[in-house]
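Peer 1: Take this structure first; my questions come after.
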Amino acid sequence: MDLTKIASLALSTGIFFFVVWLVRERRLREKYALLWLCTSLFVILLTVSRRFLEVAALSVGIYYPPSLLFLVGVLFLLMVAIGQSVTLSRLSESNHNLAQEVALLRKQVEDVGVGMGLDRDGDKDKG
Amino acid sequence: MKILAIIPAYNEAANIGAVIEDLKSFRGDLLVVNDGSTDATAAVARSLGALVISHPFNLGIGGTVQTGLRYACENDYDYAIQFDGDGQHRGDQVFKIVDLVQRGEADLVIGSRTLPGGYKMGITRWVGSRIFHCLIRGLAGKTIEDPTSGFRCYGKRTIRLFSRFYTDDYPEVESIITAARNGLRVVEVPVLMRGRLSGHSSITRRKSAYYMLKVTLAMVVDAMRGRDLIEES
């Protein structure tokens, strides 16, 4: 085993356990963790068997295997980034709706309070 | 007929009093939608007898107007006007935008500064306005001279549609396409406006390029959508 192989193996297993740790700490949802765990497993596979990449590259007609790796890597990250933007848009939409809902409900609560003779802080009006 | 005046306000404590005063002859409810102001906007408005809804944080002009429209929808108002909280719009012009909606001849009325009887706007705004004017004619087949005007009257169907679909930032132009696409009658009438009492426009020169691109994209994409389902009653 050469040094680069050891280094990349250490890095990819490191990523794997980092993701597991993030989930354990409840800082990453399983839904997203799954994606990154699969990714790091894939990277581990690549480091363990160099032949895998070579065979894959040659079978699609790429003669320099690392370019296949870069291509796949860039495309993969692009898809992930678009996916994140979609998630972000959905979240801002719900955030927006929640803020409006809160504002409208607070108005209703205030109106009910006024009907019961309470002022806006919920205290009884004096006199 | 139940009428609501929606006054979107963000840090307008200095202007809001004059705006409410300006609307004192308005026969309907005044609703100030406070978009997370850090000053006394809400307190001033409340002390002058307006209804006040406060956002927990800043949502932008679109979200603010939409909150007002949702309120109008939930409380069964027959129509609503949008009247900016910065003092540009004039209370004595309200009857002009309300008239056609009241008579059932329009669903969305836009008070225009550029039709004969209006007033002159800055050159940057004029150029942008012309571009949008052409886009609206191409995409919706409507001729709107002043599509960025926020002085508007919404009929019941428009209230229902916009309380579902209304953009957060720079909604005015896009909303014309949304309305037209859903078969609502959009009409423009000339009105008089004044310069701002204090403060400055939300669209700075630096932002205007982004503004143009964002609104253009939104309009083109919106025109590609089908009809939205707005359930009756």
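Peer 1: Restricting attention to the range A:57-114, and to residues there that are within 14 Å of chain B (Cβ to nearest Cβ) and of a type in the set (Ser, Thr, Tyr), which single residue is farthest from the chain's Cα centre (by Cα)?
Peer 2: Among those residues, the one meeting the criterion is A:SER94.
Peer 1: Assess whether B:LEU59 counts as being touching a His at 6+ places or on another chain (Cβ under 7 Å) and within 11 Å of chain A (Cβ to nearest Cβ).
Peer 2: yes
Peer 1: Surrounded by fewer than 20 Cβ atoms within 10 Å (Cβ to Cβ), of a type in the set (D, E, K, R), away from chain A (no Cβ under 14 Å) and under 22 Å from B:LYS156 (Cβ atoms): does that describe B:LYS2?
Peer 2: Yes, satisfied.
Peer 1: Sticking with this structure for a sec: Inside the range B:74-104, can you point out the residues that are out of contact with any strand residue (DSSP E or B) (no Cβ under 7 Å at 6 or more places or on another chain) and crowded, with 20+ Cβ neighbours inside 10 Å?
Peer 2: The answer is B:ASP86, B:GLY87, B:HIS89.
Peer 1: Taking B:GLU12 as the residue in question, decide whether it is more than 10 Å from every other protein chain (Cβ to nearest Cβ), closer than 15 Å to B:HIS89 by Cα and surrounded by fewer than 20 Cβ atoms within 10 Å (Cβ to Cβ).
Peer 2: no
Peer 1: Here's something else I'd like to know. Give the range B:132-169 a look and list any residue that's acidic (Asp, Glu) and in contact with a His (Cβ under 8 Å, 6 or more places away or on another chain), or say none.
Peer 2: Hits for the range B:132-169 are B:GLU145, B:ASP168.
Peer 1: In addition: Just give me the residues in the range B:37-55 being of a type in the set (Gly, Ala, Ser), at the interface with chain A (Cβ under 8 Å from one of its Cβ atoms) and out of contact with any helix residue (DSSP H, G or I) (no Cβ under 7 Å at 6 or more places or on another chain), in sequence order.
Peer 2: Those that are of a type in the set (Gly, Ala, Ser), at the interface with chain A (Cβ under 8 Å from one of its Cβ atoms) and out of contact with any helix residue (DSSP H, G or I) (no Cβ under 7 Å at 6 or more places or on another chain): none in the range B:37-55.
Peer 1: Of everything in the range B:1-36, what is of a type in the set (Gly, Ala, Ser) and out of contact with any helix residue (DSSP H, G or I) (no Cβ under 7 Å at 6 or more places or on another chain)? Give them in sequence order.
Peer 2: B:ALA5, B:ALA14, B:ALA18, B:GLY28, B:GLY36
Peer 1: Now for a different question. Output the helices (runs of 4 or more DSSP H) that fall wholly within the range B:35-116 and possess 2 or more residues being over 19 Å from B:ARG185 (Cα atoms) and either of a type in the set (S, T, N, Q) or within 14 Å of the chain's Cα centre (by Cα) (or both), or say none.
Peer 2: So the answer is B:41-47, B:61-74.
Peer 1: Where in the range A:8-126 are the helices (runs of 4 or more DSSP H), entirely inside, with at least 3 residues that are buried (at least 16 other Cβ atoms within 10 Å of the Cβ) and either among the β-branched types (Val, Ile, Thr) or at pLDDT 90 or above (or both)?
Peer 2: Ranges flagged: A:30-48, A:65-115.
Peer 1: Consider A:SER85 against the criteria (1) within 30 Å of B:PHE165 (Cβ to Cβ); (2) among the polar types (S, T, N, Q); (3) touching a helix residue (DSSP H, G or I) at 6+ places or on another chain (Cβ under 6 Å): it satisfies all of them except one. Which criterion is unmet?
Peer 2: Tallying (1) within 30 Å of B:PHE165 (Cβ to Cβ); (2) among the polar types (S, T, N, Q); (3) touching a helix residue (DSSP H, G or I) at 6+ places or on another chain (Cβ under 6 Å), A:SER85 fails exactly one: (3).
Peer 1: Also, quick follow-up: So, B:VAL32, is that one within 9 Å of chain A (Cβ to nearest Cβ), closer than 24 Å to A:ASN97 by Cα and not basic (Lys, Arg) or not?
Peer 2: When the stated conditions are applied, B:VAL32 does not pass them.
The values are calculated or read from the model by the stated rules, or taken from the named source; none is laboratory data. Since the structure is predicted, the reported quantities are computational estimates derived from the model, not experimental observations. All Cβ positions, glycine included, derive from the backbone under ideal geometry; neighbour counts span all protein chains shown.
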